[in-house]
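Here the structure is laid out as structure tokens; the discussion comes afterwards.
The values are calculated or read from the model by the stated rules, or taken from the named source; none is laboratory data. Nothing here was measured: the structure is a model prediction, and the numbers come from that model. We place every Cβ from the backbone using ideal geometry, glycine too, and count neighbours over all the protein chains shown. Only protein heavy atoms, including side chains, enter the accessible area calculation; ligands, DNA and RNA are left aside. Shrake-Rupley method; radii C 1.70, N 1.55, O 1.52, S 1.80 Å.
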Amino acid sequence: MRITTAEPAHWPLIWPFWRDIVRAGDTYTYWPDTDEATARDMWMLAPPSRTVVALDDDGRVLGTAKMNRNHMGGGAHVAGASFMVDPAAQGRGVGRALCEYVLDWARAEGYRAIQFNAVVETNTRAVKLYGSLGFAIAANLREGFRHPELGYVGLLVMYRML
């Protein structure tokens with residue numbers, strides 16, 4: 001697996017799984033009916049932020065991450081990130097590799113901490129992964145997320161010093 005900067009040509013390979021994951025409505029706070037142009041603008045970030053893709057040996061996009069400054073002003077030393085892994089590639093270490101890449105990027109860019117603003121508590125794979133990489137739950141916004149099947153569930157803020 002190789003992680004590299006996402007190029008415009010990668011977007012058509014990201015969009016199908018991005019769309020399907022968001023439409024499911026159970027792990028992200030994006031509107032489930034987000035159109036492609038809006039999704040592209042939200043995900044494909046310009047510098048100094050960054051969007052990357054994880055590619056297999058054949059150039060297939062396995063997953064993607066976007067990383068950026070989470071706060072401005074006095075909080076500008078805190079990074080943020082979001083991740084999506086193609087369901088067909090889950091269980092192959094793609095999410096872990098992307099998260100480790102983001103942590104390295106944030107350190108290299110001089111951030112002192114990283115915060116994930118909205119981790120749905122029922123997304124247990126993500127919560128477990130982030131915990132294994134040293135993230136702590138800073139807050140649980142009880143009933144902060146409306147899950148399509150489970151109703152109102154917690155929305156976690158996860159945080160880690162770098």
Subject >> Protection proxy ranking, peptides 29-38, 73-82, average beta carbon neighbours within 10 Å, highest first >> reply: 73-82, 29-38
Original post:
Could you give the longest part of the chain that holds none of the trypsin sites (Lys or Arg not before Pro) found in DSSP loops with at most 13 neighbouring Cβ atoms within 10 Å?
Top reply: 1-59
Subject >> Which of ILE21, LEU62, VAL120, positive extreme of dipole for the chain (C-beta unit charges) >> reply: VAL120
**OP:** Would you mind telling me the share, in percent, of accessible area of region 1-134 contributed by carbon and sulfur at probe 1.4 angstrom?
**Re:** 50 percent
**OP:** Answer with a single label: of (1) 41, 40, 29; (2) 58, 32, 24; (3) 36, 34, 29, which was calculated as Cα extents along the principal axes in Å from the structure in view?
**Re:** (1)
Original post:
Any idea what the dipole of region 46-93 comes to, in debye rounded to 20, about its Cα centre with Lys/Arg Cβ at +1 and Asp/Glu Cβ at -1?
Top reply: 280 debye
Original post:
³J(HN,Hα) across region 18-34 via Karplus (A = 6.51, B = -1.76, C = 1.60, θ = phi - 60°), whole Hz, x for Gly/Pro?
Top reply: 4, 4, 5, 5, 5, 4, 4, x, 10, 9, 10, 8, 6, 5, x, 9, 4
Subject >> Backbone HN-Hα couplings from phi across region 42-56 [Karplus 6.51/-1.76/1.60, Hz, Gly and Pro as x] >> reply: 6, 9, 8, 7, 8, x, x, 6, 8, 10, 10, 10, 9, 10, 7
Subject >> Range of Cα positions in region 1-46 per principal axis (Å), largest first >> reply: 28, 23, 16
Original post:
With every protein chain left in place, what is the accessible area per residue of the chain in square angstrom, probe 1.4 Å?
Top reply: 53 Å²
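Given +1 on the Cβ of Lys and Arg, -1 on the Cβ of Asp and Glu, and no further charges, what dipole in debye does the chain carry about its Cα centre, rounded to the nearest 20?
Charge dipole of the chain: 520 debye, to the nearest 20.
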**OP:** Please report the relative contact order for region 79-162, taking Cα pairs under 8 Å with a sequence separation of at least 6, and give it as a percent rounded to a whole number.
**Re:** 32 percent
**OP:** Would you please give the residues with an amide H less than 5 Å from that of GLY63, counting only those at least 5 places away or on a separate chain, with H modeled from the backbone geometry?
**Re:** ALA54, ASP86
**OP:** Compute the relative contact order of the chain as a whole-number percentage, counting only Cα pairs closer than 8 Å that sit 6 or more residues apart in sequence.
**Re:** 19 percent
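Kindly identify region 85-162 as rounded, prolate or oblate by the Cα gyration tensor criterion: order the square roots of the eigenvalues as a ≥ b ≥ c, call it rounded if a/c is under 1.5, otherwise compare a/b with b/c, prolate if a/b is larger, else oblate.
oblate
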**OP:** Using the Karplus curve 6.51 cos²θ - 1.76 cosθ + 1.60 with θ = phi - 60°, work out ³J(HN,Hα) for each residue of region 67-84 in order, rounded to whole Hz, and write x for Gly and Pro.
**Re:** 9, 6, 5, 7, 9, 10, x, x, x, 5, 8, 10, 8, x, 7, 9, 9, 9
Subject >> Cα-based shape type of region 20-67, given that a ≥ b ≥ c are square roots of the gyration tensor eigenvalues and the cut on a/c is 1.5 >> reply: oblate
